[in-house]
Amino acid sequence: QLVESGGGSVLAGGSLRLSCTTSASAFDRPLMGWLRQAPGKEREVIAANRWAEHITYYAESVKGRFTMTRDNAKRTAYLEMNSLKPEDTAIYYCAVGSGSMGHHPADYAFWGQGTRVIVSS
């Protein structure tokens, strides 16, 4: 099970931190990612972490503004989002998977319910 929280409404240039609290089995999966789906658009991977190999991927649209971290003791992953733009408005999901680099939504087997982020100008 994965449960996201931390979404909300912010002005452009602001910041939010999303959290994803997971079950033990989900947290131990080798791949964890953050994805988003904007209105009228396909779901996209914005950050993916293969934690055992210390590999983190960021989509170009968020690179340098978003940071994905994890707290092993709390079984929680975070997405720190800075310098938010109106085009970041979307529902944000955390998800886990196994045997891939996680650059595509199909790489993920289990998903949270999502948390909505609205960025206004």
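Here are the criteria: (1) among the aromatic types (F, W, Y); (2) modelled with pLDDT under 95; (3) over 20 Å from V3 (Cα atoms). Tell me which single one W51 does not satisfy. For W51, the exception is condition (3).
For E42, the requirement of being assigned to a loop (DSSP other than H, G, I, E, B) and under 14 Å from T89 (Cα atoms) is met.
Among the residues of segment 18-30, is there at least one that is of a type in the set (K, R), assigned to a loop (DSSP other than H, G, I, E, B) and over 19 Å from I118 (Cα atoms)? Looking for residues that are of a type in the set (K, R), assigned to a loop (DSSP other than H, G, I, E, B) and over 19 Å from I118 (Cα atoms), one finds at least one in segment 18-30, hence yes. The residues listed here are K63, K74; of these, the one that is out of contact with any strand residue (DSSP E or B) (no Cβ under 8 Å at 6 or more places or on another chain) and either buried (at least 18 other Cβ atoms within 10 Å of the Cβ) or not β-branched (V, I, T) (or both) is K63. If the condition is being open to solvent by 60 Å² or more (accessible area, probe 1.4 Å) and either touching a residue at least 40 places away in the same chain (Cβ under 8 Å) or farther than 25 Å from I55 by Cα (or both), then segment 16-36 contributes R17, T21, R29.
Residue-level check: of (1) under 21 Å from D28 (Cβ atoms); (2) out of contact with any helix residue (DSSP H, G or I) (no Cβ under 6 Å at 6 or more places or on another chain); (3) of a type in the set (A, V, I, L, M, F, W, C), V96 misses just (2). Between V3, V45, the distinction of being open to solvent by 60 Å² or more (accessible area, probe 1.4 Å), within 14 Å of the chain's Cα centre (by Cα) and at pLDDT 95 or above belongs to V3 only.
For the condition among the β-branched types (V, I, T) and more than 11 Å from the chain's Cα centre (by Cα), what is the one hit in T56, T115, T67? Steps first, answer last, please.
On the way: T115 fails: more than 11 Å from the chain's Cα centre (by Cα); T67 fails: more than 11 Å from the chain's Cα centre (by Cα).
Result of the check over T56, T115, T67: T56.
It is to be established whether one or more residues within segment 67-82 are within 18 Å of F110 (Cβ to Cβ), in contact with a Lys or Arg (Cβ under 9 Å, 6 or more places away or on another chain) and assigned to a loop (DSSP other than H, G, I, E, B). No, segment 67-82 contains no residue that is within 18 Å of F110 (Cβ to Cβ), in contact with a Lys or Arg (Cβ under 9 Å, 6 or more places away or on another chain) and assigned to a loop (DSSP other than H, G, I, E, B). For segment 77-109, residues that are aromatic (F, W, Y) and surrounded by fewer than 17 Cβ atoms within 10 Å (Cβ to Cβ) total 0.
The values are calculated or read from the model by the stated rules, or taken from the named source; none is laboratory data. Predicted model only: the values in this text are computed from it and were never measured. Neighbour counts are summed over all protein chains in view; Cβ atoms, including those assigned to glycine, are modelled from backbone coordinates with ideal geometry. Heads up: the accessible areas ignore ligands, DNA and RNA and are worked out on the full protein's heavy atoms, side chains in. Shrake-Rupley method; radii C 1.70, N 1.55, O 1.52, S 1.80 Å.
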